[in-house]
Each structure stands twice: as C-alpha cells, then as structure tokens.
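Derivation of every value follows stated rules applied to the coordinates shown; laboratory data play no part. All values reported here derive from a predicted model rather than from experimental measurement. Methodologically, a virtual Cβ is constructed for each residue, glycine included, from the backbone with ideal geometry; neighbour enumeration extends over all protein chains shown.
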Amino acid sequence: MKVKITCGQWVFEFAVVGDSKTTMTYEADSYNFFNPGKDGQNLFYQLKNGAYGAPIIDAEPTLRLVCPEGVTYYNGQGESAMPAEAIAGFICVKDGKVVHRAGLTHWIVFQKKEFTVDESGNFVVDGEVWALSHLLQKDQNRIIGYDAVLVPVGSLTDMSVEILELADIAARLVTFTG
C-alpha cells in the first residue's frame, strides 16, 4: 500500500510493509518528500532515498539548469572535470560583495525574477549579464545541485570554471588559517 501525507505545501509518500492497523513500517527504498507547487512542478527540494536508506536532498528538481557547454571545467585539485549535477542556486559577486543569492524557486517562482542562460553561456539575472566563475557542490554525498558563483561579464580572463566540493573548500580554509 502507498501512503501520501500532505502537510501544507509539502507531500511525503512512502510504501507500507505489512498490514498492521496500528503501526506503519515503510519500505526503506520507497520514500519521497517533495513540494509539488501549484502547477505540479517540484519546488525547492525533493528528499529522495539514497544509499543505505539515507536521505538525499535533490535541490530544485524541476527548475535547475544544465551547466553551460563550451566551458573548461576543472575540480579542486586542478584536474579536468565535467559537471555531474545541474545548477540549483546562484551567488552573484560584484566588487567583492554578494549582490544576489537565491535558490531558483525563490528567485523565479516567488520573486518572479529572471534567471536564464543566454546563447553565449552567460547568465541573465534580473536583466544583468553574469559569467560563471565557480560551481559549488554543497555535499557530494547528501545534496544534489550546484550553486553557481557568477561574476560580471568581462571580469574573467578565460572560460575555465572550477567545481568545488565542500571538502575542497575546507582544505583551502585550513591551508589559509593553519
């Protein structure tokens, strides 16, 4: 039997094992927690079943954007890499300050602002054109979806984008402070 529980805008679905009328046990590989939105798009996050039954957070399962092509990507060790995930959020940095930071649901659905990729692979954020500088992977074992670090077009010397995972950032912090 499949059970669906709705709490406000969130839905939790799972399959039930057995036929007990007092206790429900869900199948370890069957749960899904999501926000279907008014038009059926899954908004914000979707919690899926990962390895060993551990939850995986899938950020922006409907609105995320594919990483631009025609860009050289490399990982935190300087090795050539290809993005394994899509873009779920962004951080725009101008003159050393964060001027925009949002997930795509918040920005597009609730703020009703533009976030697109143009034919050159640049990002258009509320009418301003930005270039991709870095992709940040929050946690490769628990969260799917990059945050794109964007800088004003023309401030980069090449089309190389570094993909950094939380562990890469931690190693750099220790190097700087240690």
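Beta carbons within 10 angstrom, averaged per residue: use that to sort the peptides 56-64, 72-80, highest first.
Most protected by this proxy first, the peptides run 56-64, 72-80.
Give me the number: length gained by fully extending residue 41 to residue 128, i.e. 0.36 nm times residue separation minus the C-alpha to C-alpha distance, one decimal in nm.
On the way: separation 87, 0.36 × 87 = 31.32 nm, distance 2.63 nm.
Extending this stretch completely gives an extra 28.7 nm.
For the options 120, 160, 133, a Gaussian network treatment of the chain with springs between C-alpha atoms closer than 10 Å singles out 120 as fluctuating the most.
For region 115-142, backbone nitrogen atoms closer than 20 Å to the point 7 Å from residue 52 Cα along Cα-to-C-beta are found at 138-142.
Hey, which of these cross-link pairs are over 22 Å Cα-Cα: 48/138; 2/48; 97/138; 4/138?
Details: 48/138 16 Å; 2/48 16 Å; 97/138 20 Å; 4/138 29 Å.
As for pairs spanning more than 22 Å Cα to Cα, those are 4/138.
Looking at region 72-177 only, what percent of DSSP beta bridges run antiparallel? Nearest 5 please. Of all bridge pairs located within region 72-177, approximately 60 percent are antiparallel.
Once C-alpha pairs closer than 8 Å and six or more residues apart are averaged by separation and normalised to the residue number of the chain, the relative contact order reads 16 percent.
Note on the chain: dipole from Cβ charges, positive end direction compared against 102, 84, 161; the farthest Cα belongs to 102.
If you count the DSSP beta bridges with both ends in the chain, what percent of them are antiparallel, to the nearest 5? List each step's numbers first, then the result.
Values: 42 of 57 bridges.
The antiparallel proportion sits near 75 percent.
Between residue 138 and 147, the built amide H atoms are under 5 Å apart, and every one of these is 5 or more places off in sequence or on another chain.
Under a model in which nothing but the beta-carbon of Lys, Arg (+1) and Asp, Glu (-1) is charged, region 72-177 shows a dipole of about 400 debye around its Cα centre. Share of pairwise Cα-Cα distances greater than 19 Å in region 108-178 is 49 percent (whole percent).
Could you give the dipole magnitude of the chain about its Cα centre, charging the beta-carbon of Lys and Arg +1 and that of Asp and Glu -1, in debye to the nearest 20?
On the way: 14 positive and 22 negative charges, 146 e Å.
Computed charge dipole of the chain: roughly 700 debye.
Note on residue 84 and residue 2: the model spin-label points, each 7 Å out from Cα along the C-beta direction, lie 2.9 nm apart.
Each other residue within a Cβ distance under 12 Å of residue 128 adds +1 if Lys or Arg and -1 if Asp or Glu, for a net charge of -1.
Taking 0.36 nm per residue of separation and subtracting the Cα-Cα distance, what length does fully extending residue 170 through residue 72 add? Write out the running numbers ahead of the final one.
Details: separation 98, 0.36 × 98 = 35.28 nm, distance 2.34 nm.
The residue 170-residue 72 span can extend by a further 32.9 nm.
Between the listed residues 174, 135, 33, the Cα displaced farthest toward the positive end of the dipole of the chain, a dipole computed from Cβ unit charges relative to the Cα centre, is found at 33. In the chain, the longest principal axis of the Cα atoms and the axis of helix 166-177 are about 50 degrees apart.
Compute the length gained on full extension between residue 116 and residue 140: take 0.36 nm times their separation in residues and subtract their Cα-Cα distance, giving the result in nm to one decimal. Each step should come with its number before you reach the end.
On the way: separation 24, 0.36 × 24 = 8.64 nm, distance 2.48 nm.
6.2 nm is the gain from fully extending residue 116 to residue 140.
Taking amide H positions as modeled 1.01 Å from N, with prolines and chain starts lacking one, the residues under 5 Å from residue 144 and 5 or more places away or on another chain are 57, 58, 59.
For residue 42, which sequence-distant residues (separation of 5 or more, or a different chain) have an amide H within less than 5 Å of its own amide H, given hydrogens modelled in the peptide plane? The list, which skips near neighbours in sequence, is 62. Each of [x] 19.4, 80; [y] 22.4, 68; [z] 19.2, 65 is a candidate for Rg and Dmax of the Cα atoms in Å; the one calculated from this structure is [z].
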